[in-house]
Amino acid sequence: MTSGIGGSTAETELAGIVPWPDPAAPIGRAEREARIAKARTLMKEIGADALIIGAGASLRYFTGVAWGATERLVAMLLPLDGTPKMICPRFELGSLAASMGIEAEMLLWEEHESPYELTVRGLAGATRLAIDPALPFFVFNGVAKAGPGLELLDGAPVVDGCRSIKSPAELALMAQAKAMTLEVHRRAAKILAPGITASAVRRFIDEAHRTIGADNGSTFCAVQFGQASAYPHGLPGDQTLEDGQIVLIDTGCQVQGYNSDITRTYVFGEPSPEQRRVWELEKKAQAAAFAAVKPGVPCEEIDAVARRVLAAAGLSADYELPGLPHRTGHGIGLSIHEAPYLVRGDKTPLAPGMCFSNEPMIVIPDDFGVRLEDHFHVTEDGAAWFTQPQPSLEKPFG
C-alpha cells in the first residue's frame, strides 16, 4: 500500500484539523491605492481617459468589493485624475459602502433608470474608455449605445498589467491557501478505503477546507478514480474506489479571495509498472518546466519545455493522446485561471511576481491519467514553489 493512504476515517481526520494558526494579513488600503496609481500609469500608455471595471475579481482587486456580476450594473469608473467613482443601484448603497476598501464618489441609479447613461455622465467628458476584459457584453453594449461618441478600448493591458504581478501581501495569502489545501489533500488520502465513493471524498474535502479556515470551503473539487482519471475534468456520475486504481484529486480554496489549486495523483494499492512509468514521466516534465522559468522567458516556452520531455519519451509533442491534452499552466490569483498562460502563443515575458500552476498532465486514453499540479511564483533569478511537489508515487506526502 502506498504510504499515507488509507487507515483512518473522515471523523478522525476532521477532528485533527484546527483553524490556520498564523493567517496572512488582508490587503490594506495603501496597497489598493498603489494598484490604482499603477492602473493610471498603464491607462496613459494605451491612451485611455478612463477605465471601467465591472463586478468580479478585478473590482475586488481595486476596491475590495467582493461582489459577483449580476444583471444590475455595479462598477468602478476610474478617471486618469481625481476620485474613483462607483456606479451602484441606490438600494445597494449601504452594503457597498460597508465593503469599500478605497475612497470613491458614489453614482447611484434607481431601478427604472439607465445605469449606462449614468456611466456616460460619470465620464465627465472623457471620450476614450478602457473596458475591463471581463465586463459582460450587455454592459459593453449598453455603454456603447448610451455614449455613441465614445472610443472603447481594450482594458486588458491595464487590468492584466496590474493583476499579473503579485505583491508580497498577495504572495502570502496565496501561500496560505495552498498550504491549507495541501494539508487537506494529505488528510483526504488517509480516509480512502475500498468502496469509498468519489462524492464522499469530495464532501470530506469541502468540510476539511471549512474547518481549516478557507473562505467558503472548497472552491472546486475533482475526485477521479481509475479510468475517470484519463479525462482531465473527469466523467459524470460517481466512482467507487477499487484496489490498484489511480487516484487523482484536484481541489482548491480561497483565502481573502486568493486561490489555491493543487492536484495529487497516486495509486490505491500496488502501482503497476505502467502507472509507475507514466507517473515518473509526469514528474520529470513538471520539474523541467519549473527549471526553465526565468524572468524574460516567454510564457509559451515553459509549455514547450514540458512537451519536449514527453516527446523524448515517445508521447505526442502536440495535443494528441497519449500525451498532454491541454496547456502546461495558468496564471492564478484572485481568479483561479487568469492571464498570462503557459501555453503556445502566449509570448508574455515572465516577470518577478507572476504566479502560475505547473501541471503538464499525461493522459493514457481509456486507461488512466496522471496530473501533478503545484504552483510557483517567478523570482528575480528563477522560480519558487508555493508547495513542494509530490516527492514520489509511493510517498505522495513525504
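The values are calculated or read from the model by the stated rules, or taken from the named source; none is laboratory data. Quick caveat: nothing in here was measured; it's all calculated off a predicted structure. Note that we place each Cβ from the backbone using ideal geometry, even for glycine, and neighbour counts take in every protein chain shown. Note: areas computed on protein heavy atoms with side chains; ligands, DNA, RNA excluded. Shrake-Rupley method; radii C 1.70, N 1.55, O 1.52, S 1.80 Å.
Structural remarks
- Globularity ratio of the range 114-156, using Cα Rg and 2.2 N^0.38 Å: 1.03
- In the context of the full set of protein chains, the chain has a per residue accessible area of 40 Å² (1.4 Å probe).
- Within the chain, longest stretch free of exposed GluC sites (Glu not before Pro) [DSSP loop, at most 13 other beta carbons within 10 Å]: 114-241
- Considering the range 147-269, its Cα convex hull presents a mean projected area of 10.7 nm².
- Per atom type, the chain shows carbon and sulfur on 54% of its accessible surface, probed at 1.4 Å.
- Residues whose amide H lies under 5 Å from that of Leu342, counting only those 5 or more places away or on a different chain, are Gly329, His330, Gly331; hydrogens are built 1.01 Å from N in the peptide plane.
- Among Pro295, Pro115, Pro21, residue whose mean-square fluctuation peaks in a GNM of the chain (springs only between Cα atoms under 10 Å): Pro21
- Cleavage-rule hits (trypsin sites (Lys or Arg not before Pro)) in the range 1-104: DSSP loop, at most 15 neighbouring Cβ within 10 angstrom: Arg72
- Along the axis of the charge dipole computed for the range 196-319 (Cβ charges of +1 for Lys and Arg, -1 for Asp and Glu, origin at the Cα centre), the listed residues Gln254, Ala289, Ser218 are led at the positive end by Ala289.
- Global form of the range 236-308, assessed from the alpha-carbon gyration tensor, a/c cut-off 1.5: oblate
- For the range 51-164: relative contact order, % (alpha-carbon pairs under 8 angstrom, 6 or more apart): 24 percent
- Here the range 198-226 is scanned for amide nitrogen atoms under 17 Å from the site 7 Å beyond the Cα of Arg276 along Cα-to-Cβ, giving none.
- Cα gyration tensor, the range 1-120 - rounded (a/c under 1.5), prolate or oblate: prolate
- Dipole of the range 121-223, positive end: most advanced residue of Ala189, Leu171, Ala146 [Cβ charges, Cα centre]: Ala189
- Volume per residue for the range 22-68 equals 82 cubic angstrom (convex hull of Cα atoms).
- In this Cβ point-charge picture (+1 for Lys and Arg, -1 for Asp and Glu), the chain has a dipole of about 540 debye about its Cα centre.
- Mean separation of Cα contacts under 8 Å (6+ apart) over length of the chain, as relative contact order %: 16 percent
- Placing unit charges on the Cβ atoms only, positive for Lys and Arg and negative for Asp and Glu, gives the range 283-396 a dipole magnitude near 200 debye about its Cα centre.
- Of every Cα-Cα pair in the range 2-45, the percent that sits beyond 12 Å: 76 percent
- Proximity of backbone amide H atoms, modeled 1.01 Å from N, is registered between Asp154 and Ile131 at under 5 Å, excluding neighbours fewer than 5 places apart on the same chain.
- Converting the Cα gyration tensor eigenvalues of the range 174-246 into ellipsoid dimensions via √(5λ) gives semi-axes, longest first, of 23, 13, 11 Å.
- Here the calculated FRET efficiency for Ala37 and Asn141, from their Cβ-Cβ distance with R0 = 35 Å, stands at 0.70, rounded to the nearest 0.05.
- The range 30-78-the range 373-398 distance, computed between alpha-carbon centres (Å): 32 Å
- Among Val158, Pro136, Tyr319 the positive-end extreme of the charge dipole of the chain (Cβ point charges): Val158
- Phe220 paired with Leu321, simple spin-label distance in nm, labels 7 Å along Cα-to-beta-carbon: 1.8 nm
- Loop-resident trypsin sites (Lys or Arg not before Pro) (DSSP state other than H, G, I, E or B) in the range 341-375 with no more than 14 further Cβ atoms inside 10 Å of their Cβ: Lys347.
- Accessible-area value, Ser99, 1.4 Å probe, nucleic acids and ligands omitted, Å²: 40 Å²
- Two-site FRET efficiency, Ala304 against Glu394, from Cβ-Cβ distance with R₀ of 45 Å, rounded to 0.05: 0.90
- Each principal axis of the Cα cloud of the range 281-366 was evaluated for its coordinate range; sorted largest first, these ranges are 36, 23, 22 Å.
- You can think of it this way: the chain between Lys284 and Trp20 has 91.8 nm of extra reach, that is 0.36 nm per residue less the Cα-Cα gap.
- Length gained on full extension, Asp381 to Ala312: 22.1 nm, using 0.36 nm per residue less the C-alpha separation.
- Phe91 contributes about 120 Å² of solvent-accessible surface, heavy atoms of the protein only, 1.4 Å probe.
- A Cβ-based charge dipole, computed about the Cα centre of the range 154-311 with Lys and Arg at +1 and Asp and Glu at -1, lands at about 400 debye.
- Helix-only mean residue ellipticity at 222 nm for the chain, each DSSP H run of n ≥ 4 adding -39500 (n - 2.57), per residue, nearest 500: -10500 deg cm²/dmol
- For the pair Arg90 and Glu242, the difference between a 0.36 nm per residue extended length and the Cα-Cα distance amounts to 49.1 nm.
- Counting only DSSP beta bridges whose two residues both lie in the chain, roughly 75 percent are antiparallel.
- The range 235-311 versus the range 115-175: alpha-carbon centroid distance in Å: 35 Å
- For the range 304-398, chymotrypsin sites (Phe, Trp or Tyr not before Pro) meeting the loop criterion (DSSP other than H, G, I, E, B) and having at most 15 other Cβ atoms within 10 Å: Tyr319.
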